[in-house]
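One structure is given here, and the rest of the page talks about it.
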2 protein chains.
Amino acid sequence: MSNAIPEPVTKLIEAFSRLPGVGPKSASRLTYFLLRAPDEVSQRLSDALRDLKSQTRFCSTCYNITVNDPCPICSDPRRDHHVIAVVEEPLDVLAIERTGSFDGLYHVLHGAISPINGIGVDDVKIRELVQRVEKGDTLEIIIATNPGYEGDATAMYIQQQLASKGVKITRLARGLPVGGDIEYVDAVTLSRALQGRSEL
Amino acid sequence: MSNAIPEPVTKLIEAFSRLPGVGPKSASRLTYFLLRAPDEVSQRLSDALRDLKSQTRFCSTCYNITVNDPCPICSDPRRDHHVIAVVEEPLDVLAIERTGSFDGLYHVLHGAISPINGIGVDDVKIRELVQRVEKGDTLEIIIATNPGYEGDATAMYIQQQLASKGVKITRLARGLPVGGDIEYVDAVTLSRALQGRSEL
C-alpha cells in the first residue's frame, strides 16, 4: 500500500480529511483531481489558504472577520449605530446583509451556548456584547441566533445579561417560511406561527 | 454585500468552489471553518497543496503518480514484470493493491475514451501502453477499466491496438458483487453474471 501512494499525495489527503464534511474518499478524489488539474488551481488554493489567516482578523467591535479594524460595517457612518443584530456566525451576517432590509450593526458571537458540546457562556462573545452595550450607544439588540435549542438558550442568556441595561431586546420572528407549504411545515414551526399570528 | 466579506475570504471561497463536488455553500462553510480552526489546519493544507505538484510527477513507465521515477512499483524486482493491469486512474491502482491479490505492474491511462466528453484515444495513455508492450517483456495485459460504457469502449480499443502484439489480453470478471443481494442487482450486471456463470 505505502508503495502505491507517494507522501505528498497522502499528506494532502490527510489535510483535506480534517475539513468538516470531507471524508477520506472525497479527500482522495479532491487530491487526484488536483493532480490532474492545471498547476494554477492548486496554487491558487494554496495561496488563498496562506492569506486567509495572515490577512484577516476579528473586528474589535463586532467580531466579524475583517481585513481592517474596525470593519467596514462598524466604520460606515451611514449605518444605524443604535441597533445591533446578534448572530452566531459571520455567514449569518452575509445572510442578513443579503436581505437588504437591515442597516444596523452586527455582533458575531462565534457560536452558541451548547453544554452538550462543551461550549459555555465564555466561549462565545457574549461578555464582549455586554461591554459594548454598556458603552451606551445602543437602543435595540436584535437577537438573530438560530431558531433551535442552542440558539434559544443563547438568546435567553443574552436577554438575562442585558435585562438591566435599558436597551430594547427583540428576536427574529418565527413562523412559516415564505414559499413554504403548511402541509409540510413541522409542528413546532406551525405552532409558533399560530402564536405569532398578526391581524390583517 | 462586498462590505461584509473581506477579500481573502472571498478568494478562498472561490478557490474551494473550483473543486469538484464543492458548491458555493460548502466552499463558504469550509472557509469559515478554517477561519475559526487553529492556524495550523489551514497552514498544513496550504503546504500540502504547494508540495503536491512540485514534489510529484508521472512515472515514465506506468504513468502512476510518484516522487521518484520509475515509481516504487515499477522498480520493485519482487513484482511480476510480465503482467500489466491497465487502469483508468491512480485511485484504481490503490483499490487493486488493497486486494493483495495482484503482484504485477500497472499502466494508468488517466481517463477513458469518451467522445461525449471530448476525450479521444490520444488524450489517455494508450499509445504509451502500446509502446510499452512493444518493448517485449509483457505476457499478459489485464484490462481493468471501469465496467460501463466508456470503460468498455476503452477496453475494446486497447484490445484492437494490442491484438497483433502476441500478448494475452484479459479483462476483470463482471458479476454479482460479493455481499450483494440478487434482488437488488441491476439487470445488466445480473445478465453478465449469468453469461459468466462457472461450474461448481
Restricting the search to segment A:93-112, which residues are modelled with pLDDT under 95 and within 21 Å of B:Arg36 (Cβ to Cβ)?
-> A:Val93, A:Leu94, A:Ala95, A:Ile96, A:Glu97, A:His110, A:Gly111, A:Ala112
Across segment B:146-200, which residue is nearest to the chain's Cα centre (by Cα) among those that are among the charged types (D, E, K, R) and at pLDDT 85 or above?
-> B:Glu150
Say whether the condition of being in contact with a Pro (Cβ under 9 Å, 6 or more places away or on another chain) and over 15 Å from A:Val86 (Cβ atoms) is met by at least one residue in segment A:170-187.
-> yes
Going through (1) in contact with a Lys or Arg (Cβ under 9 Å, 6 or more places away or on another chain); (2) farther than 22 Å from B:Ile141 by Cβ one by one, B:Val9 fails only at (1)
Those helices (runs of 4 or more DSSP H) lying entirely in segment A:10-107 with at least 1 residues basic (Lys, Arg), open to solvent by less than 50 Å² (accessible area, probe 1.4 Å) and under 24 Å from B:Glu7 (Cα atoms) = A:39-54
When every residue in segment B:19-57 that is within 7 Å of chain A (Cβ to nearest Cβ) and farther than 16 Å from A:Leu19 by Cα is compared, the one modelled with the lowest pLDDT is B:Lys53
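Considering only segment B:117-172, state which residues are assigned to a helix (DSSP H, G or I) and open to solvent by 90 Å² or more (accessible area, probe 1.4 Å). Break it down into steps so the answer makes sense when it comes.
First, pick out the residues of segment B:117-172 that are assigned to a helix (DSSP H, G or I): B:117, B:126-134, B:149-165.
Residues satisfying the conditions are B:Asn117, B:Arg127, B:Gln131, B:Glu134, B:Tyr149, B:Met156, B:Gln159, B:Gln160, B:Ser164.
Among the listed residues B:Val41, B:Val93, which satisfies the condition of being hydrophobic (A, V, I, L, M, F, W, C) and within 30 Å of A:Asn64 (Cα to Cα)? So that I can check it myself, show each step before the final result.
Working: B:Val93 fails: within 30 Å of A:Asn64 (Cα to Cα).
One residue alone meets the criteria, B:Val41.
The values are calculated or read from the model by the stated rules, or taken from the named source; none is laboratory data. Just so we're clear, the structure is a prediction, and the values are computed from it rather than from any experiment. Reconstructed Cβ throughout: ideal geometry from the backbone, glycine too, with neighbour counts over all protein chains shown. For the accessible areas, the whole protein counts, side chains as well, though only heavy atoms, and no ligand, DNA or RNA atoms are used. Shrake-Rupley method; radii C 1.70, N 1.55, O 1.52, S 1.80 Å.
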